[in-house]
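A.B. asks: One structure, as structure tokens, below. Some questions next.
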Amino acid sequence: MAGAAHCSLKAKRLLLDPKFEGYKLSLEPLACYQLGLDAAVAEVKLRDDQYTLDHMRAFGMYNYLHLDSWYQDSVYYVDQFGRVMNLSVTLDTALQKPREVFRLPTDLTAYDNRLCASIHFSSSTWVTLSDGTGRLYLIKSGKRGNSASEKWEIVFNEELEIPFIIVHSVSFVKSDVHSVAVLLLRVEKDELDTKGSGFHVTLEWVTIAETSKEGDLRYAIFKRRVLQGKSVPHYAAIEPSGDGLMIVSYKPFKFVQGEDDKLEENDNAKATNEKKDPLYYWQQTEDDVTITVHIPQDITKDDIKVHFSPDNICVTLKEQPPLMEGKLYSSVDHESCTWIIRENKSLEISLIKKNEGPRWPELIIGDTRGEFIMDSSQCSEITESLMHLTSEVMNPNPEKENPPCNAQELEECDAFLEDSASLCRFDGDTLKVTHVIHLGSNQFLFSVVVDPREMPCFCLRHDVDALLWQPHSDQPENMWEHIATFNALGYVQASKQDKKFMACAPDYSYAALCECLRRIFIYRQPTPLSTVLFNRKEGRQVGQVAKQLVATLEANDPILGFQATNERLFVLTTKTLFLIKVNSGN
């Protein structure tokens, strides 16, 4: 990931509630409607050779219910006869049976090694569909939900050999050419992996574009690119423009390259491995930073240009590209900064720190070409400050009253194994990582589409809360925006050991999770109280309260699908579709 910008997620303080008092269990009844299905859902159970955690995550925990975010309260599923069935809700009291909108041409029962059929709604009129056997369909649907204009018509279909599921797709127009980019996921046998699970995960990024032959408009595959990794991504989505890709995963992904690219990569790796002398050396005190740069013999004072600003530095020699340029770790008093040429043909730059005291861990953010030189007094100071953390005796005081860390005080919900998960943004042209965020203990919880024209949002655990982030691929300065907070949800969900799916309303009014069987938990955002309520412990009035609601389905079949809209929760089992009315419409 050399050359990638290391970024961080910045939470908005105004969206955090440090005084949140927890959820109050509400016994108010929830209206629950159920529809019996004409035919069972086309569930595909894991085979004996699909035994890894990645198989379980990708296919065993697959959500068989698909929400069409372009239209209100419209969900789809595929039944065992290969029919794509739709339920669009306007009135809960006048529910229609799910209707068939399309039938897969493939006889699904004839395939032994197929995966589950998958659907993704690329736009309000385009749909990508996979039958689970390895065939990809591009469908022009017309305006869905309107029987007069809705007609699902196949405009492209191709056998892509190895079965896959569709993770995401987008429809876009560039230079008057319509294209649909689709992301396909596979878990494949890896003969070279002798120490791990024996499998790897591939994401294939396929772009299907409009072509014109003899006046006949058709669609064909324009580009295929493959990424490979060692874990199923928690989140993978194509940017609306089709220019890039964002992936949240436990283990990194990288593009599988052609032979020419591999040779070039090997040359780059060799060049990197060769030890290079630092471009510059730097030292610091509490007040200032001194930089020493070796310059060629023929350079004079007139050839050197050093530009200082409060947060940046730029050094150029003659008319060449900048020798040093970038954002400084911290602000400087730029008017007091100076530079001179020493007798040994070295350029010495003095920076005066604006904030005295704190040590800088780096000089220019992201620049690894320099070397920090620490003097002996600083080494002694650091050693002294760390002395209390070390001892020559193993466990010198086991009975100490207040040990710095007691593992027994950690709760089970604080354990999070995937502590090295990262969010990466890949460029579609260079196939390189341009931005990376190390998520650390910010556990991935779920993704949700808030605005179908934007990328899906992802929800991460931050301490006890769950924060919702909206990617903006077209805003480099605000690429990931914190748009909502679900108070204490990070802590609450950790206690639900049987949870299968999580979701939230696109308007953030509630979050919900379901267990494998029957039970649904709903967590509403805090709302003002209509009656007076006092906190007797603190003797103060409580202005608003957040409610937890629990619904139990009258079904013995496992939950296969789970989707949330602003008003309703849709829950799919093998033979029944349940609707739970959470919010009343405006």
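The values are calculated or read from the model by the stated rules, or taken from the named source; none is laboratory data. Since we're looking at a predicted model, the values are computed, not measured. Glycine gets a Cβ as well: all are built from the backbone with ideal geometry, and neighbour counts include every protein chain shown. Just the protein is used for accessible areas: all its heavy atoms, side chains included, with ligands, DNA and RNA removed. Shrake-Rupley method; radii C 1.70, N 1.55, O 1.52, S 1.80 Å.
A.B. asks: For the chain, report the accessible area per residue in Å² (1.4 Å probe, heavy atoms, rounded to an integer).
C.D. replies: 55 Å²
A.B. asks: Could you tell me which GluC sites (Glu not before Pro) in the stretch 101-181 are loop residues by DSSP with no more than 10 other beta carbons within 10 angstrom of their beta carbon?
C.D. replies: Values: sites: E150, E153, E158, E159, E161; in loops: E150, E161.
Those that pass, being in a loop and sparsely packed, are E161.
A.B. asks: In the stretch 546-560, which residues have a backbone nitrogen under 14 Å from the label point lying 7 Å from N566's Cα in the Cα-to-Cβ direction?
C.D. replies: The answer is none.
A.B. asks: Okay, moving on. Testing the spin-label approximation: label points 7 Å from Cα along Cα→Cβ at E159 and D48. State their distance in nm.
C.D. replies: Distance between the two pseudo-spin positions: 2.7 nm.
A.B. asks: Turning to a different aspect of this structure: Within the chain, what percent of beta bridges assigned by DSSP are antiparallel, to the nearest 5?
C.D. replies: Among the beta bridges of the chain, antiparallel pairing accounts for roughly 95 percent.
A.B. asks: Based on the mean of other Cβ atoms within 10 Å per residue, sort peptides 573-582, 374-383 so the most packed one is first.
C.D. replies: 573-582, 374-383
A.B. asks: Once R0 is set to 41 Å, what does the formula 1/(1 + (r/R0)^6) return for the Cβ-Cβ distance between I221 and D17, expressed as a FRET efficiency to the nearest 0.05?
C.D. replies: 0.25
A.B. asks: Helix 259-273: angle to the longest alpha-carbon principal axis of the chain, degrees 0 to 90, nearest 10?
C.D. replies: Value to nearest ten degrees: 40.
A.B. asks: Can you tell me how much longer the chain between S26 and N556 gets when fully stretched, taken as 0.36 nm per residue apart minus their C-alpha distance, in nm with one decimal?
C.D. replies: Full extension from S26 to N556 adds 188.3 nm.
A.B. asks: Between 0 and 90 degrees, rounded to the nearest ten: what's the tilt of helix 376-386 against the longest Cα principal axis of the chain?
C.D. replies: Helix 376-386 sits at roughly 40 degrees to that axis.
A.B. asks: Suppose R0 equals 41 Å; then what is the FRET efficiency for E381 and K499 from their Cβ-Cβ distance, rounded to the nearest 0.05? Walk me through the numbers on the way to the answer.
C.D. replies: On the way: r = 49 Å, r/R0 = 1.20.
It comes out at approximately 0.25.
A.B. asks: In nm, give the distance between the simple-model label positions of S8 and D333, each being 7 Å from the Cα along the Cα-to-Cβ direction.
C.D. replies: That separation, rounded to one decimal, is 2.7 nm.
A.B. asks: Here's something else I'd like to know. What is the sum of charges around E204, taking Lys and Arg as +1, Asp and Glu as -1, for the other residues whose C-beta is under 15 Å from the C-beta of E204?
C.D. replies: After counting each charged neighbour, the total is +2.
A.B. asks: Provide the gained length on full extension for the span T290 to E348, in nm with one decimal, where the gain is 0.36 nm per separating residue minus the Cα-Cα distance.
C.D. replies: This chain segment gains 20.2 nm when fully extended.
A.B. asks: Looking at the stretch 183-263, which trypsin sites (Lys or Arg not before Pro) are DSSP coil and have at most 15 other C-beta atoms within 10 Å of their C-beta?
C.D. replies: Those that pass, being in a loop and sparsely packed, are K195.
A.B. asks: Decide, for the stretch 281-369, between rounded, prolate and oblate: order the square roots of the alpha carbon gyration tensor eigenvalues as a ≥ b ≥ c, take rounded if a/c falls under 1.5, and otherwise choose prolate if a/b is larger than b/c, else oblate.
C.D. replies: The shape class here is prolate.
A.B. asks: Could you report the accessible area of Y111 in Å², rounded to 10, computed with a 1.4 Å probe on the protein chains as they sit in the structure?
C.D. replies: 100 Å²
A.B. asks: Using a 1.4 angstrom probe on heavy atoms only, work out the carbon and sulfur share of the accessible area of the chain in %.
C.D. replies: Values: 15790 of 32260 Å².
Carbon plus sulfur share of accessible area: 49 percent.
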